[in-house]
Amino acid sequence: MQRIIKRLESLIFHILLIVAVGLIAWLSLRYDAQWDWSAGARNTLSETSQQMLARLDAPLRITSFAPENPVLRQGVREIIERYQRYKPDVELIFINPERHPEQVRQLGITLAGELLLEYEGRSETLRQISEQALSNAIQRLVQKKTHWLVPIVGHGERNLAGAANYDLGDFGRELKSKGFQLHPLDIVTASEIPGNTGLLIIASPRVDYLPSEVEQIAGYVAQGGNLLWLSDPGGQHGLDPLAKVLGIQFLPGTIVDANASSMNIQDPAVALVPEYPQHHLATKGFDLLTIYPHAVAINIIKTQWEATPLLTTLPRTWNETGPIKGEVSRDRLLGEQAGPLHIGVALVREVVEKATTRQQRILVVGDGDFLSNAYLGNGGNLNLGLNLVRWLTREESMLNIPAKTAPDLSLDLSHTATIVIGFGFLVVLPLGLIATGALIWWRRQRR
């Protein structure tokens with residue numbers, strides 16, 4: 001009787017085990033759960049990418065022109081699947097370019113695995129396959145309006161296509177990757193500033209503007225045009241009437257920041273800005289440190305504009321009017337003002353256009369170096385620059401997708417650790433295996 005009970009218990013156990021396994025299999029098909037333990041959660045879409053996907057109100061079709069290569073196709077599939085988890089109507093199809101040469105030739109596909117993104121009748125090809133590149137491409141497809149950014153040239157301004165340290169070429173390329181179009185303008189030869197200008201840019205001129213050019217810029221502002229003005233110490237090169245129109249005043253000298261030494265920055269003329277007004281759309285949620293080499297301070301005077309200081313230095317700063325050499329200190333008798341000082345000021349006002357009211361936006365920054373090729377990669381300079389341009393063009397919903405780094409993919413060992421590990425694998429481990437084998441053989445011989 002006892003034997004029958006044990007067999008019955010064993011039978012019930014196996015039946016329950018089979019039922020449990022079946023239920024687990026059923027649950028795995030019905031529900032999906034994943035955990036990303038990689039550094040920075042690089043296998044999961046960033047929050048900004050998820051928010052960007054939420055803006056898609058139509059299916060997104062992605063075509064990968066990849067040959068019959070399982071490794072290549074699997075790599076593409078893994079990246080696209082991250083998007084499909086949050087938006088199931090992201091469709092991925094593969095086309096073998098060897099079987100469709102005519103289509104490949106018409107689309108200009110040249111690389112194996114190159115992507116074609118199609119959304120609401122618009123399309124874009126993408127060669128670099130990463131979350132940053134893919135999300136930026138989707139952003140450009142979502143952005144229905146094309147913004148013309150018009151930098152003024154001909155007065156020694158920083159070039160948004162230049163490669164010199166002084167120029168803004170890297171920033172210009174980032175703007176293009178976000179869907180903005182750059183159209184340089186020489187207002188000496190141009191009859192007028194184009195009417196479709198989304199943002200006029202004055203980027204640190206080094207030669208004086210003619211009075212007629214200043215009048216042309218002032219007329220553009222009076223008509224409600226948006227403006228980004230980057231200035232530097234050493235005078236405004238004929239643009240003082242524009243500053244008067246905007247109700248601002250540039251202080252003499254260069255900002256000196258005694259706080260920079262705490263960041264191991266030896267140049268006292270590098271100003272730091274760690275905090276930003278969270279009530280303003282241009283800097284809401286932004287919390288990265290930005291640096292401003294050789295900046296000029298801005299005072300806000302009585303103006304018809306609604307002025308908001310966006311970039312403000314820390315205490316222990318002042319506008320140094322003398323040479324910045326050796327030990328420098330503030331001299332009140334020379335009119336050097338103690339910080340905090342304003343480096344960037346946002347100006348807005350309501351303008352009437354075609355029987356509708358819209359907000360005109362102007363930003364004046366007392367430094368052009370922070371967006372230059374030499375300093376763009378420092379701190380949050382790039383992200384801030386993109387945020388400012390998006391605000392000026394009323395594209396606050398456009399998101400900056402950060403590149404995710406993978407620090408856990410590499411192992412950095414000291415020279416000593418490398419020797420120890422190498423000696424262990426090449427000498428200690430083989431000798432240990434030989435000794436273990438010899439010990440086993442010796443014990444068997446004694447039996």
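The values are calculated or read from the model by the stated rules, or taken from the named source; none is laboratory data. A quick note: this is a predicted structure, and the numbers were derived from the prediction, not measured. Note: ideal-geometry Cβ built from the backbone for every residue, glycine included; neighbour counts use all protein chains shown.
For this structure, a couple of remarks:
Conditions tested, residue by residue: (1) in a loop (DSSP other than H, G, I, E, B); (2) farther than 16 Å from G344 by Cα.
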{"site": "D170", "(1), (2)": "no, yes"}
{"site": "E174", "(1), (2)": "no, yes"}
{"site": "T189", "(1), (2)": "yes, yes"}
{"site": "Q236", "(1), (2)": "yes, no"}
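- Those residues of the stretch 410-425 which are surrounded by 10 or more Cβ atoms within 10 Å (Cβ to Cβ) and among the aliphatic types (A, V, I, L, M), in sequence order: L413, A417, I419, V420, I421
- Among the residues listed as I291, I324, I255, the single one being assigned to a loop (DSSP other than H, G, I, E, B) and among the hydrophobic types (A, V, I, L, M, F, W, C): I324
- Just one of (1) in a helix (DSSP H, G or I); (2) modelled with pLDDT of 80 or more; (3) among the hydroxyl-bearing types (S, T, Y) fails for S64. It is (1).
- Residue within the stretch 229-242 that is at pLDDT 90 or above and farther than 30 Å from K325 by Cβ present: yes
Okay, residues lined up against (1) surrounded by fewer than 20 Cβ atoms within 10 Å (Cβ to Cβ); (2) at pLDDT below 90:
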site: I129; (1), (2): yes, yes
site: A133; (1), (2): yes, yes
site: N159; (1), (2): yes, no
site: Y166; (1), (2): yes, no
site: F171; (1), (2): no, no
site: S191; (1), (2): yes, yes
site: G219; (1), (2): yes, no
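- Tabulated pairs, the stretch 249-263, first assigned by TED's automatic domain parsing to the domain that holds G339 and surrounded by fewer than 18 Cβ atoms within 10 Å (Cβ to Cβ), second in a loop (DSSP other than H, G, I, E, B) and not aliphatic (A, V, I, L, M), C-beta under 6 angstrom, 6+ apart or interchain: P252/T321; A258/R316
- Number of the condition not met by L116 [criteria: (1) more than 30 Å from D186 (Cα to Cα); (2) assigned to a loop (DSSP other than H, G, I, E, B)]: (2)
- When the criteria are applied in full, A346 fails the requirement of being touching a strand residue (DSSP E or B) at 6+ places or on another chain (Cβ under 8 Å), touching a residue at least 40 places away in the same chain (Cβ under 8 Å) and either exposed (fewer than 14 other Cβ atoms within 10 Å of the Cβ) or assigned to a loop (DSSP other than H, G, I, E, B) (or both).
- Qualifying residue in the stretch 71-82 (condition: surrounded by fewer than 16 Cβ atoms within 10 Å (Cβ to Cβ), assigned to a strand (DSSP E or B) and of a type in the set (K, R)): no
- Test: residue in the stretch 37-59 that is at pLDDT 85 or above and either within 15 Å of I129 (Cβ to Cβ) or of a type outside the set (K, R) (or both): yes
- Scope the stretch 109-157; condition under 27 Å from I202 (Cβ atoms), more than 23 Å from the chain's Cα centre (by Cα) and not charged (D, E, K, R); matching residues: I152, V153, G154, H155, G156
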